[in-house]
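Okay, so here's the structure we're looking at.
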Amino acid sequence: MPKEAENEKMADKQFRAMIIVAVISSATTFLVGIITAFFTFPPFQEWVRNWGDDQKAEILEIEQIPQRVFAYYGEAENSGGFGRLDLTYDGVVEKPSYELGYNLPVDMKGYAGLAFQFDEGSNLTRYKAVECTVIFNQANDIMDLYFKDIAGSFNTIRVSNNGADEMKLRYEFANFPDINFNAVKEFGIVVSTDFTTSSHKVRIQDVNFIK
């Protein structure tokens, strides 16, 4: 083949190769642009945020909710009963344990309780149940576990000591039919002279709201 024809053929190959490279480069740039635009598209970012929240929110510990914890008792309203809250941390991974020490009279009506109160109301509608661990200190101890919403609706479930060192409890929100879980005001335990009298203690810990 003459040298001129060979050079012309080589130049043609180089030209075609340059066109292919340019096309690939343009296609890659376009594809990267489409992907970048997709990931910065607000609805996609909102979906990512919601997905991340859902993944993190399978369990919500009560300590993750802005709240105040306190003991209340009948003597504060000229009724019978005294209560005291003790907060301790225990376990390998230290977690809070809330102990209600209470004394209920034998000669009059009285009560005491421990409340986790959410001042602005807490929306728990993404959850389906509450779990907690309860530790009684006497065999005949009884308490009511309750929810109250911001409108004042109040539902309870009766819990009796089953003889175990600790009781791991789970109750579906359906067990509290009057409660508006869009605006939960209070969660807690209450004891009264309808159950028992004299001095007792009850602890509650590992309070979680579960999907």
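The values are calculated or read from the model by the stated rules, or taken from the named source; none is laboratory data. Every value quoted in this text rests on a predicted model; they were computed, and no experiment measured them. Note: ideal-geometry Cβ built from the backbone for every residue, glycine included; neighbour counts use all protein chains shown.
With respect to the conditions (1) assigned to a loop (DSSP other than H, G, I, E, B); (2) in contact with an Asp or Glu (Cβ under 6 Å, 6 or more places away or on another chain); (3) of a type outside the set (Ser, Thr, Tyr); (4) surrounded by fewer than 16 Cβ atoms within 10 Å (Cβ to Cβ), GLN138 lacks only one, and its number is (2). Quick check: is even one residue across region 120-135 closer than 20 Å to ASP86 by Cβ, surrounded by fewer than 19 Cβ atoms within 10 Å (Cβ to Cβ), in the same structural domain as PHE70 (by TED's automatic domain parsing) and not polar (S, T, N, Q)? Yes, that holds for at least one residue.
Okay, residues lined up against (1) over 21 Å from the mean Cα position of the chain (by Cα); (2) touching a residue at least 40 places away in the same chain (Cβ under 8 Å); (3) closer than 24 Å to GLY81 by Cβ:
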position: ILE150; (1), (2), (3): no, no, no
position: VAL159; (1), (2), (3): yes, no, yes
position: PHE173; (1), (2), (3): no, yes, no
position: PRO177; (1), (2), (3): no, no, no
position: PHE187; (1), (2), (3): no, yes, yes
position: THR197; (1), (2), (3): yes, yes, yes
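Note on region 66-96: residues that are in a strand (DSSP E or B) and not small (Gly, Ala, Ser) total 15.
Only one of the listed residues (ASN103, ASN123) is modelled with pLDDT of 95 or more, farther than 29 Å from PHE209 by Cα and under 35 Å from the mean Cα position of the chain (by Cα). That residue is ASN103. Does ASN140 meet the test of being free of Cβ contacts under 8 Å to residues at least 40 places away in the same chain and under 22 Å from LYS201 (Cβ atoms)? Judged against the criteria, ASN140 is not a match. Taking region 166-181 as the range and being touching a strand residue (DSSP E or B) at 6+ places or on another chain (Cβ under 7 Å) and either more than 25 Å from ARG126 (Cβ to Cβ) or not in a loop (DSSP other than H, G, I, E, B) (or both) as the test, the residues that pass are GLU166, MET167, LYS168, LEU169, ARG170, TYR171, GLU172, PHE173, ASN175.
Counting only residues that are assigned to a strand (DSSP E or B) and farther than 16 Å from PHE187 by Cα, region 97-108 holds 4 of them.
For region 112-128, the count of residues that are over 19 Å from GLN64 (Cβ atoms) and touching a residue at least 12 places away in the same chain (Cβ under 8 Å) is nonzero. Here SER97 clears all of (1) surrounded by fewer than 16 Cβ atoms within 10 Å (Cβ to Cβ); (2) touching a residue at least 24 places away in the same chain (Cβ under 8 Å); (3) of a type in the set (Ser, Thr, Tyr) except the condition numbered (1).
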